[in-house]
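Trainee: First the structure, then my questions, so here it is.
The values are calculated or read from the model by the stated rules, or taken from the named source; none is laboratory data. Source: prediction; values computed, not measured. Every residue, glycine among them, receives a Cβ derived from its backbone with ideal geometry; neighbour counts consider all protein chains shown. What goes into the accessible areas is simple: the full protein's heavy atoms, side chains included, and nothing from ligands, DNA or RNA. Shrake-Rupley method; radii C 1.70, N 1.55, O 1.52, S 1.80 Å.
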Amino acid sequence: MRINRRTLLGAAATASTLALAPGTANAAGATRRRVRLGVNYTPSTRWFHIWEDFRADDLRRDLDDIAALGLDHIRLLLLWPAFQPEPNLVSGHQLDLLARFLDLADDAGLDVEVTVFNGHISARYWTPNWLQTEPKPANWFTDPAAIAAQQRLLRALAERIGGHRRFLGFDLSNEVYYYWDNYAGLEVSPAEADAWLDALSRVSQQVAPGRINTKGCDSAPWDARGTKLFGRHALASAGSVTSIHPWTSFRGVLKTDPLGPLATHNAERLVQVMQAYSPVVDRPVWVEEDGAAPSIHFSDRTRPLLGEWIRRSVRNVASCDHVFGFTWWCSHDVSEALVPALNPLEYDLGLYTNDRRLKPAGAALRELAAEFDRNPPEVRPRHTGIIVADDDPGQGSDLFFELAADGVRAAFVLAGRAGDEEHLRQRGITELVRP
């Protein structure tokens with residue numbers, strides 16, 4: 001049966017247009033992989049402050065580093081205050097710099113996803129001063145004026161770069177719930193978070209039709225029970241792509257068993273969790289951010305296994321259907337001299353050192369890029385569906401890993417859909433099991 005491709009937001013791009021089949025050329029003439037491979041860009045000089053001190057030669061060298069690995073895209077995180085210093089003022093100068101950056105990416109053959117409202121990046125909090133009202137910060141998830149200002153910035157960005165052939169689309173924000181929960185002390189209910197997500201996703205789709213439209217989250221909204229973050233159904237429906245940041249390294253397993261099923265199948269598991277909540281079976285999913293800090297999250301015994309862990313984990317992600325891509329965090333290490341007060345784990349996450357020497361993680365991604373070009377990864381059928389409760393998808397994790405260890409690739413099925421034969425048929429599921 002042929003499945004009709006659609007999204008909740010009308011003309012949003014579908015899997016077939018977001019991740020073209022092998023051999024299909026994009027606007028720039030490059031061949032796209034079935035599963036795309038990229039990296040989150042951290043400039044080797046100036047860190048995320050490149051917008052205040054834009055040095056094209058430095059950026060060009062960094063982008064050439066990334067292209068040399070055979071990667072095809074980057075995720076670019078903007079600093080919101082630089083682009084919108086006042087609610088009614090969007091910096092034309094910064095928009096010009098962003099367009100210039102996309103030109104540099106074009107020269108390197110890289111597509112660019114633009115992440116916009118970054119309240120939280122690398123354990124730093126970045127918001128415009130006009131939100132820092134007394135006695136507490138303005139709630140930019142519920143305040144109508146603040147939401148209108150965010151919509152204004154999306155429109156200005158799309159007007160300036162929306163037609164650029166290297167513009168992949170928008171990610172609304174990076175793990176933004178850490179801003180309201182850990183830093184600003186804002187009261188944001190799941191319903192309010194979902195309403196913000198829906199409102200901004202709709203504008204993103206309107207101003208950049210046919211481009212990626214997503215919201216980057218780590219595993220917290222998917223694994224936490226009784227979460228006060230975003231709703232899972234909202235994340236699986238808003239925009240055109242559902243994105244996840246697995247960060248397997250925070251589970252602690254890389255210090256003890258980086259090649260075991262909990263380590264090598266965790267990102268794949270989260271892809272399957274997201275697909276269980278999707279309203280359509282062919283909605284694209286994206287491992288938009290994943291990484292590991294060798295100096296902290298590996299032990300002396302397991303550190304030499306970093307490259308093999310990456311290869312196995314990414315291959316397992318690529319075995320899932322409707323995967324847009326995998327994007328590593330991050331491109332270059334952060335200089336402690338330039339940024340002296342970060343959490344220690346933030347400094348050595350790059351594919352390259354800060355002085356641009358290739359690291360084992362970079363070599364592993366380079367190998368995968370060449371491998372995916374030679375032999376595009378095949379989708380593994382998932383005939384076994386693990387039934388999970390709508391409010392606790394994590395309950396099926398242990399069984400997922402047990403089955404993976406036995407060579408069985410499983411999917412997840414929400415309990416409310418377990419009796420829907422058409423839904424199961426479309427997903428190829430012929431057997432249901434319970435944790």
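Trainee: Heavy atoms only, probe 1.4 Å: what % of the accessible area of the chain goes to carbon and sulfur, would you let me know?
Mentor: Working: 8050 of 16420 Å².
Roughly 49 percent, rounded to a whole number.
Trainee: Then there's this: Enter the accessible area per residue of region 391-435 (Å², integer; probe 1.4 Å; all protein chains in place).
Mentor: Values: 2350 Å² over 45 residues.
That works out to 52 Å² for each residue.
Trainee: While we're here: Return the single residue from 285, 116, 379 with maximal mean-square fluctuation; model: Gaussian network over the chain, springs between Cα atoms under 10 Å.
Mentor: Largest GNM mean-square fluctuation: 379.
Trainee: Using Cα centres only, tell me the gap between region 76-90 and region 214-246 in whole Å.
Mentor: Here the answer is 25 Å between Cα centres.
Trainee: If you don't mind, there's one more thing I want to ask. Can you grab the distance from the C-alpha centre of region 138-198 to the C-alpha centre of region 266-320, Å, no decimals?
Mentor: With region 138-198 and region 266-320 each reduced to a Cα centre, they are spaced 26 Å.
Trainee: Here's a follow-up. Calculate, in nm to one decimal, what residue 165 and residue 335 gain on full extension: separation in residues at 0.36 nm each, minus their alpha carbon distance.
Mentor: Gain in length upon complete extension: 58.0 nm.
Trainee: Would you work out which of 405, 224, 84 lies farthest towards the positive end of the dipole of the chain, given +1 charges on the beta-carbon of Lys and Arg and -1 on that of Asp and Glu, about the Cα centre?
Mentor: Looking along the dipole axis, the top candidate is 405.
Trainee: So, with +1 on the Cβ of K and R and -1 on the Cβ of D and E, and no other charges, what is the size of the charge dipole of the chain about its Cα centre, to the nearest 20 debye?
Mentor: Working: 47 positive and 55 negative charges, 204 e Å.
Dipole magnitude for the chain comes out near 980 debye.
Trainee: For Cα extents along the principal axes in Å, one of (1) 74, 58, 42; (2) 57, 47, 43; (3) 66, 55, 44 was computed from the structure I shared and the rest are decoys. Which label?
Mentor: Structure-derived value, by its label: (2).
Trainee: Beta carbons within 10 angstrom, averaged per residue: use that to sort the peptides 175-187, 253-265, highest first. If you can, show how the numbers build up before the last one.
Mentor: Values: 175-187: 17.8, 253-265: 20.4.
Ranking the peptides 175-187, 253-265 by packing returns 253-265, 175-187.
Trainee: Could you check what % of the DSSP bridge pairs in the chain are antiparallel, to the nearest 5?
Mentor: On the way: 6 of 44 bridges.
Antiparallel: roughly 15 percent of the beta bridges in the chain.
Trainee: Suppose only helical runs count, i.e. DSSP H with n ≥ 4. What mean residue ellipticity at 222 nm does that imply for the chain under -39500 (n - 2.57) per run, divided by all residues and rounded to the nearest 500 deg cm²/dmol? The partial results should precede the final answer.
Mentor: Values: 15 runs with 146 residues, N = 435.
My calculation for the chain gives -10000 deg cm²/dmol from helical runs alone.
Trainee: With only Lys, Arg, Asp and Glu charged, each at its Cβ (+1 for the first two, -1 for the last two), find how big the charge dipole of region 111-168 is about the Cα centre; round to the nearest 20 debye.
Mentor: On the way: 7 positive and 5 negative charges, 32 e Å.
My answer is approximately 160 debye.
Trainee: With every protein chain present, what is the per residue accessible area of region 197-294 (1.4 Å probe, Å²)?
Mentor: Values: 2420 Å² over 98 residues.
Accessible surface, normalised per residue, equals 25 Å².
Trainee: To the nearest 20 debye, what is the magnitude of the charge dipole of region 75-145 about its Cα centre, counting +1 on the Cβ of each Lys and Arg and -1 on the Cβ of each Asp and Glu?
Mentor: Working: 4 positive and 9 negative charges, 69 e Å.
The calculated dipole for region 75-145 is roughly 340 debye.
Trainee: Starting from the amide H of residue 111, placed 1.01 Å from N in the peptide plane, find each other amide H under 5 Å away whose residue is 5 or more places distant or on another chain.
Mentor: Residues meeting the amide H criterion: 73, 74.
Trainee: So, one more: Give me the aspartates and glutamates in straight-line cross-link reach of residue 215: C-alpha distance below 16 Å, same-chain residues under 8 apart excluded.
Mentor: 113, 171, 175, 192, 194, 198, 288, 289, 290
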